[in-house]
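This is the structure I want to talk about, given as structure tokens.
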Amino acid sequence: FLLVPLPSVPPPALHTCQGLAPCLPEKGQVNTSGPRLLLATLHPASGSSAAMDRIFSALLLSLLLLLQSYGVCGASPQPRGTLCRTKPTDLVFVIDSSRSVRPHEFEKVKVFMSRVIEGLDVGPNSTRVGVINYASAVKNEFSLKTYQTKAGLLQAVRRIEPLSTGTMTGLAIQFAISRAFSDSEGARVRSPNVNKVAIVVTDGRPQDGVQDVSARARAAGIEIFAIGVGRVDMHTLRQIASEPLDDHVDYVESYSVIEKLTHKFQEAFCVVSDLCATGDHDCEQICISTPGTYKCACKEGFTLNSDGKTCSACSGGSGSALDLVFLIDGSKSVRPENFELVKKFINQIVDSLEVSDKQAQVGLVQYSSSVRQEFPLGQFKNKKDIKAAVKKMAYMEKGTMTGQALKYLIDSSFSIINGARPGVPKVGIVFTDGRSQDYITDAAKKAKDLGFRMFAVGVGNAVEDELREIASEPVAEHYFYTADFRTISKIGKKLQMKICIGE
């Protein structure tokens, strides 16, 4: 690594970060017991040329990204499922966008806000968020009552633009007290059960007084945090911050690393571990909360798959043996981009199966003007290899000989020589996007007479009469149609259930 001199930092009496390690509170250091107001003061490091400042920022950001892959302070990064439910909070960001804040630096502040919001339990009965933008004047970007979802908040933050004038920090804090935290803007009645938080981001010395208005904020039950960045007036931060100062004043070196403070405030807001209640989980059917995380489970009759998230009705027991063959239309009318969607559809079905010699086997046939076996039943012994083979399948791009494909299914795909097992249920899934160019009636009837369970899936210009002719009885449960390739994943979900339950 290239070593670059670090800019001077504030006195060690403040809560500062050493080196490149993210600035996290020590155990017991974060006070979550009351409303709080957070101030971030930002300025480039003094004594640096513009070129050196850019070099330093780029190097520092690169190193931080490298360190991030090892987690915070050498610890493993938190996996999805370890965020905490947050205590109900009225949170207002008060963001300085004066002319000294360069556009790319203002974007970093917006990223910081977004990361804090991502860690919150957002909702009308949990955490409400508002944003005030200020420079020489104050602009209310959105109030506590405006957005009730995390997605809405994050989109609104991305739309904020800088004002690029002066720095009236005192005026902004007063606006927060008198307007942002008022009943009319969505603030709740002062209560020990609801925190009131304002995060104020400013760069440089304010052009008005902050001491008296900060004292009024604290007297109103607002706990004030101050964050300084780069060359900052530390005396102003101390005037704003609540006691003890060590817990309420933080410092980082530049805008490029302000995000590392996110961890502190996520920890500060975290009070209850219940990701199932907040919906922050990947469970397909049932989510079970455990301290700090969660685990997935399945409904009766289903088994949890090896990914620990999805469920399958096709696993376990001798009755789950299945020979499944896909007949896929590769005609030119499908088009390459839609053929990729068809591959995803196939793998969606494969995901619901337990593949092995004694359970599900999968074969794949593509047809257009001719028929091509991509792989026979039993060639691949696990889902991973099947899905990889599906992704490699080349698009034939010719005609639509569905009758010929059905005949191949009967004569070859379900033969013992191609891996079919005697006495095991046979399922065929026919996918087409247009009218067949040959006769399908005899082959479709013979497949069903042989006991094959046939599903027909049509898209776009597929003929529904042909789909019904291919489908097993009851026809309504064995054929599907959609006008748009982009919606075939919905059909895939229905097929997953019908294939498994039919066993």
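The values are calculated or read from the model by the stated rules, or taken from the named source; none is laboratory data. Note that this is a predicted model, so its numbers are computed, not measured. Heads up, the Cβs are rebuilt from the backbone with ideal geometry, glycines too, and the neighbour counts pull from every protein chain shown. Just the protein is used for accessible areas: all its heavy atoms, side chains included, with ligands, DNA and RNA removed. Shrake-Rupley method; radii C 1.70, N 1.55, O 1.52, S 1.80 Å.
Within the stretch 389-419, restricting attention to residues that are open to solvent by 40 Å² or more (accessible area, probe 1.4 Å) and assigned to a helix (DSSP H, G or I), which residue is nearest to Tyr439 (Cα to Cα)? Step through it out loud before you land on a result.
To start, the set of residues in the stretch 389-419 that are open to solvent by 40 Å² or more (accessible area, probe 1.4 Å) comprises 391-392, 394-395, 397-398, 401, 404, 407-408, 411, 416-417.
Now narrow it down to the ones that are assigned to a helix (DSSP H, G or I): 391-392, 404, 407-408, 411, 416-417.
Details: Lys391: 30, Lys392: 30, Gln404: 8, Lys407: 11, Tyr408: 14, Asp411: 16, Ile416: 26, Ile417: 27 Å.
My answer is Gln404.
Among the residues of the stretch 364-374, which ones are within 40 Å of the chain's Cα centre (by Cα) and either surrounded by fewer than 20 Cβ atoms within 10 Å (Cβ to Cβ) or among the small types (Gly, Ala, Ser) (or both)? Walk me through it before giving the result.
So in the stretch 364-374, the residues within 40 Å of the chain's Cα centre (by Cα) come out as 364-368, 372-374.
Listed by number, the residues that qualify are Ser368, Arg372, Gln373, Glu374.
Taking the stretch 150-193 as the region of interest, how many residues are among the basic types (Lys, Arg) and under 33 Å from the mean Cα position of the chain (by Cα)?
To start, the set of residues in the stretch 150-193 that are among the basic types (Lys, Arg) comprises 150, 158-159, 179, 188, 190.
Subset that is under 33 Å from the mean Cα position of the chain (by Cα): 150, 158-159, 188.
The qualifying residues number 4.
Would you confirm, using the coordinates I've provided, whether Gln361 is at pLDDT 80 or above and buried (at least 23 other Cβ atoms within 10 Å of the Cβ)? Explain how you work it out, then say what you get.
Values: at pLDDT 80 or above: yes; buried (at least 23 other Cβ atoms within 10 Å of the Cβ): yes.
Considered against the rule, which asks whether it is at pLDDT 80 or above and buried (at least 23 other Cβ atoms within 10 Å of the Cβ), Gln361 comes out as yes.
A further question follows. Restricting to the stretch 94-143, and then to whatever is touching a Lys or Arg at 6+ places or on another chain (Cβ under 6 Å) and of a type outside the set (Val, Ile, Thr), can you tell me which residue is modelled with the lowest pLDDT?
Our first condition is that a residue be touching a Lys or Arg at 6+ places or on another chain (Cβ under 6 Å); within the stretch 94-143, this holds for 121-122, 133.
Add one more test, that the residue is of a type outside the set (Val, Ile, Thr), and what stays is 121, 133.
Values: Asp121: 84, Asn133: 94.
Among those that are touching a Lys or Arg at 6+ places or on another chain (Cβ under 6 Å) and of a type outside the set (Val, Ile, Thr), it is Asp121.
With a cut-off of at least 2 residues that are among the aliphatic types (A, V, I, L, M) and modelled with pLDDT under 75, name the strands (runs of 3 or more DSSP E) lying wholly within the stretch 268-309. Steps first, answer last, please.
Values: elements: 270-272, 286-290, 293-297.
Where strands (runs of 3 or more DSSP E) fall fully within the stretch 268-309 and carry at least 2 residues being among the aliphatic types (A, V, I, L, M) and modelled with pLDDT under 75, they are 270-272.
Working only within the stretch 201-222, note down all residues that are in a loop (DSSP other than H, G, I, E, B) and either touching a Phe, Trp or Tyr at 6+ places or on another chain (Cβ under 7 Å) or open to solvent by less than 20 Å² (accessible area, probe 1.4 Å) (or both). Full working, then the answer.
Looking only at the stretch 201-222, we keep the residues that are in a loop (DSSP other than H, G, I, E, B), and these are 203-210, 220-222.
If the condition is that a residue be in a loop (DSSP other than H, G, I, E, B) and either touching a Phe, Trp or Tyr at 6+ places or on another chain (Cβ under 7 Å) or open to solvent by less than 20 Å² (accessible area, probe 1.4 Å) (or both), then Asp203, Gly204, Val210, Gly221, Ile222 are the ones that fit.
Which of the residues spanning the stretch 433-456 are in a loop (DSSP other than H, G, I, E, B) and not polar (S, T, N, Q)?
From the stretch 433-456, those in a loop (DSSP other than H, G, I, E, B) are 433-440, 450-452; that's our starting set.
The answer is Asp433, Gly434, Arg435, Asp438, Tyr439, Ile440, Leu450, Gly451, Phe452.
Contact list please: Cβ distance under 7 Å, first residue in the stretch 391-411 and under 21 Å from Lys448 (Cβ atoms) and in the same structural domain as Gly428 (by the TED database), second residue open to solvent by 80 Å² or more (accessible area, probe 1.4 Å) and among the hydroxyl-bearing types (Ser, Thr, Tyr), pairs at least six apart or on different chains.
From the stretch 391-411, the pairs are Gly403/Tyr439.
In the stretch 463-486, how many are part of a loop (DSSP other than H, G, I, E, B) and open to solvent by 70 Å² or more (accessible area, probe 1.4 Å)? I'd like the intermediate steps shown before the answer.
Our first condition is that a residue be part of a loop (DSSP other than H, G, I, E, B); within the stretch 463-486, this holds for 463, 471-474, 478, 483-484.
Narrowing further to those that are open to solvent by 70 Å² or more (accessible area, probe 1.4 Å): 473, 483.
Selection size over the stretch 463-486: 2.
Report yes if Gly492 is in contact with a Lys or Arg (Cβ under 9 Å, 6 or more places away or on another chain), at positive phi, open to solvent by less than 70 Å² (accessible area, probe 1.4 Å) and not β-branched (Val, Ile, Thr), otherwise no. First the steps, then the outcome.
On the way: in contact with a Lys or Arg (Cβ under 9 Å, 6 or more places away or on another chain): yes; at positive phi: no; open to solvent by less than 70 Å² (accessible area, probe 1.4 Å): yes; not β-branched (Val, Ile, Thr): yes.
No: the conditions fail for Gly492.
Take the stretch 166-176 and flag every residue that is open to solvent by 10 Å² or more (accessible area, probe 1.4 Å) and assigned to a helix (DSSP H, G or I).
Hits for the stretch 166-176 are Leu171, Gln174, Phe175.
Is it the case that the stretch 177-200 has a residue that's open to solvent by 30 Å² or more (accessible area, probe 1.4 Å) and in contact with a Leu (Cβ under 8 Å, 6 or more places away or on another chain)?
The answer is no, given that none of the residues of the stretch 177-200 is open to solvent by 30 Å² or more (accessible area, probe 1.4 Å) and in contact with a Leu (Cβ under 8 Å, 6 or more places away or on another chain).
Table: residues versus (1) out of contact with any Leu (no Cβ under 9 Å at 6 or more places or on another chain); (2) modelled with pLDDT of 80 or more; (3) farther than 22 Å from Asp96 by Cα; (4) among the small types (Gly, Ala, Ser).
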| position | (1), (2), (3), (4) |
| --- | --- |
| Glu223 | no, yes, no, no |
| His235 | yes, yes, no, no |
| Gln239 | yes, yes, no, no |
| His248 | no, no, no, no |
| Phe265 | no, no, no, no |
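Shifting gears a bit: So Pro422 passes all but one of these: (1) open to solvent by 50 Å² or more (accessible area, probe 1.4 Å); (2) in contact (Cβ under 8 Å) with a residue 60 or more places away in the chain; (3) in a loop (DSSP other than H, G, I, E, B). Which condition number does it fail?
Unmet condition: (2).
Give the residue, chosen from Phe339, Phe380, Phe345, Phe326, that is assigned to a loop (DSSP other than H, G, I, E, B), at pLDDT 90 or above and of a type in the set (A, V, I, L, M, F, W, C).
Phe380
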